[in-house]
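A short write-up of the structure that comes next.
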Amino acid sequence: MLLKLSKDIVNSELFRSVSEISAQKIMSCYQCGKCTAGCPLADKMDYVPNEMMRLCMLGQIEDLLDSKAIWLCTSCFQCGTRCPKGIEVHRVFEALRSLALREGKNYTDIEELPKEVLDEMPQQAIIAGYRKFESLE
Amino acid sequence: MISYPYFPGCALSTKAKALDISARETMKALGYELKEIEDWTCCGAVFPLAEDEHIRLVSPMRSIFKAGKDSDKLITLCSACFNVLRRTQRLVKENKVRRDRVFNYMEEEVPENFNDNVKVVHLIEIIRDEIGFDKLSERIKKPLTDLKVAPFYDCLTYRPPKEMEFEDPENPKIYTNLITALGGISIDFPFRSECCGAHLSVSDRSASLDCSYRILNSARLAGAEALLTSCPLCHYNLDARQQEMIDSKVGFKPIPVFYLTQIIGLSLGLDVESLGFEKNKVSPVNLLKEKGLL
């Protein structure tokens with residue numbers, strides 16, 4: 001993967017948005033990888049959690065907004081629970097998802113969900129899943 | 001009879017009725033009345049993790065205000081409701097800036113002398129801390145002798161640990177102690193605190209199926225005959241989706257998944273109709289008959 005790095009990219013407005021929305025000190029990550037080791041979905045992600053943190057630090061936010069990984073996060077909070085630096089990694093991912101949704105990037109089309117699935121599934125799943133759709137206005 | 005305000009939540013009122021009915025009956029048998037709060041609204045299901053999302057705290061705050069009218073406790077059982085309500089109460093109490101924002105949204109909905117110390121409590125905490133597992137075991141009529149149950153700890157009840165203050169996040173023991181108190185054999189297994197795939201069953205069904213399969217398989221390999229959980233979504237993933245596992249995973253054998261209060265109610269000798277076993281997709285009836293519990 002080819003990364004373009006410059007002071008402007010690393011300190012971009014998008015990076016500042018992620019820091020503000022998540023309220024986390026992203027730069028204090030020292031890449032130990034405990035978040036990835038504990039992540040139950042890491043094997044299915046295009047970027048694993050510690051890679052996402054590293055890409056954030058390098059200002060590659062646009063790449064992350066297009067990744068599949070941010071949508072595979074279930075917010076089980078394992079990453080943040082285990083982080084030795086006290087970063088709530090799950091909040092960083094939520095910030096990325098929020099930014100993507102605010103830019104109008106959808107992940108799932110609710111119309112495509114089979115009715116029998118919606119009928120059976122507990123409401124909490126459907127509501128949590130809704131947070132992966134662009135806000136309906 | 002001690003009465004506490006109770007927040008059932010959407011799932012327990014509809015799709016996870018077995019959890020609600022068995023909880024009410026179990027608590028009645030233990031001398032507690034779960035008094036459903038009036039006109040409760042959905043808790044929001046997901047605690048807003050973004051620092052700039054305030055509106056999502058309004059709905060859970062409404063229920064907390066209602067509970068605070070005549071109690072300093074709010075009992076809930078669904079792990080998503082528990083997670084959202086407990087974290088909201090804590091955040092609004094401790095963070096002045098967020099509190100002002102939320103109260104500005106709510107305006108006259110904020111009671112004049114509201115109770116700032118309403119503690120959001122999980123039903124199992126009442127059993128552990130007010131009744132005590134030792135006292136519970138004195139009251140059981142049908143000990144779960146020889147029944148090997150694997151406790152499954154749903155993420156939302158105890159993570160993030162600093163906000164939830166429920167259990168040791170790396171080595172939770174509460175359900176293990178419960179199963180032992182009920183006379184059963186608790187089976188520890190490596191995936192006991194792993195995510196079941198949660199709401200990915202909406203957007204990435206095969207990814208969440210893999211997560212749930214790993215958990216069930218790990219429990220079975222450790223020798224479990226059934227699992228135990230208190231989360232309606234974990235229950236959906238672990239129980240209702242087993243047919244898909246039978247169809248797609250070679251050698252998979254179904255395993256019953258109990259709701260927390262089904263198993264407490266059973267050992268307290270409650271009427272089987274109040275336990276809702278017929279609502280479990282993988283029926284535990286044969287297993288329970290085999291063990292002489294039905």
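The values are calculated or read from the model by the stated rules, or taken from the named source; none is laboratory data. These numbers come from a predicted model, not from an experiment. Positions of Cβ are backbone-derived with ideal geometry, glycine not excepted, and every protein chain shown enters the neighbour counts.
Residues are listed down the side, and each one gets a yes or a no for (1) at pLDDT 95 or above; (2) under 13 Å from the mean Cα position of the chain (by Cα); (3) surrounded by fewer than 20 Cβ atoms within 10 Å (Cβ to Cβ):
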| site | (1), (2), (3) |
| --- | --- |
| A:Asp43 | yes, no, yes |
| A:Pro49 | yes, yes, no |
| A:Met52 | yes, yes, no |
| A:Leu96 | yes, yes, no |
| A:Ile110 | no, no, yes |
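Give the residues of segment B:33-49 that are more than 19 Å from B:Gly276 (Cβ to Cβ) and either in contact with a Cys (Cβ under 7 Å, 6 or more places away or on another chain) or crowded, with 20+ Cβ neighbours inside 10 Å (or both), sorted by residue number. Selection gives B:Ile37, B:Trp40, B:Cys42, B:Cys43, B:Gly44, B:Ala45, B:Val46, B:Phe47, B:Pro48, B:Leu49. Looking only at residues of segment B:154-169 that are under 24 Å from A:Met45 (Cα atoms) and among the charged types (D, E, K, R), we find that the one that is nearest to the other protein chains (Cβ to nearest Cβ) is B:Arg159. Considering segment A:63-79 alone, what residues qualify as being more than 7 Å from chain B (Cβ to nearest Cβ), part of a helix (DSSP H, G or I), without any contact (Cβ under 8 Å) to a residue 40 or more places away in the chain and over 15 Å from A:Met1 (Cβ atoms)? Within segment A:63-79, just A:Ile70 meets the criteria. For segment B:1-31, filtered to residues that are of a type in the set (A, V, I, L, M) and assigned to a helix (DSSP H, G or I), the residue that is nearest to B:Ser230 (Cα to Cα) is B:Leu19.
Looking at B:Phe103 and the list (1) surrounded by 15 or more Cβ atoms within 10 Å (Cβ to Cβ); (2) more than 29 Å from B:Leu200 (Cβ to Cβ); (3) touching a residue at least 24 places away in the same chain (Cβ under 8 Å), which single condition is not satisfied? Of everything listed in (1) surrounded by 15 or more Cβ atoms within 10 Å (Cβ to Cβ); (2) more than 29 Å from B:Leu200 (Cβ to Cβ); (3) touching a residue at least 24 places away in the same chain (Cβ under 8 Å), B:Phe103 misses just condition (3). Only one of the numbered conditions (1) touching a His at 6+ places or on another chain (Cβ under 7 Å); (2) surrounded by fewer than 18 Cβ atoms within 10 Å (Cβ to Cβ) is violated by B:Val257, and that is (2).
Tell me, which residue of segment A:112-137 that is within 7 Å of chain B (Cβ to nearest Cβ), outside any loop (DSSP other than H, G, I, E, B) and under 23 Å from the mean Cα position of the chain (by Cα) is modelled with the lowest pLDDT? In this case the residue turns out to be A:Gly129. Filtering segment A:4-41 to residues that are of a type in the set (A, V, I, L, M) and either surrounded by 11 or more Cβ atoms within 10 Å (Cβ to Cβ) or under 23 Å from B:Ala50 (Cβ atoms) (or both) leaves A:Ile9, A:Val10, A:Leu14, A:Val18, A:Ile21, A:Ala23, A:Ile26, A:Met27, A:Ala37, A:Leu41.
Going through (1) within 12 Å of chain A (Cβ to nearest Cβ); (2) under 28 Å from B:Asp239 (Cα atoms); (3) touching a residue at least 12 places away in the same chain (Cβ under 8 Å) one by one, B:Ser13 falls short only on (3). For segment B:222-255, a residue qualifies if it is of a type in the set (A, V, I, L, M, F, W, C) and in a loop (DSSP other than H, G, I, E, B), and the qualifying residues are B:Ala222, B:Ala224, B:Cys231, B:Val250, B:Phe252, B:Ile255.
Could you grab me the full set of residues in segment B:146-172 that are farther than 24 Å from B:Val46 by Cβ and under 14 Å from the mean Cα position of the chain (by Cα)? If the condition is that a residue be farther than 24 Å from B:Val46 by Cβ and under 14 Å from the mean Cα position of the chain (by Cα), then B:Pro151 is the only one that fits. Residue count for segment B:52-76 under the criterion of being within 14 Å of chain A (Cβ to nearest Cβ), outside any helix (DSSP H, G or I) and at pLDDT 95 or above: the result is 1.
The residue of segment B:173-205 that is farthest from A:Gln124 (Cα to Cα), among those that are more than 9 Å from chain A (Cβ to nearest Cβ) and over 20 Å from the mean Cα position of the chain (by Cα), is B:Gly183.
Listed here are the residues, each with its yes/no results for (1) of a type in the set (Phe, Trp, Tyr); (2) more than 14 Å from chain A (Cβ to nearest Cβ); (3) closer than 25 Å to A:Met121 by Cα.
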| residue | (1), (2), (3) |
| --- | --- |
| B:Leu19 | no, no, yes |
| B:Met27 | no, yes, no |
| B:Gly31 | no, yes, no |
| B:Asp39 | no, yes, yes |
| B:Cys42 | no, no, yes |
| B:Ala50 | no, no, no |
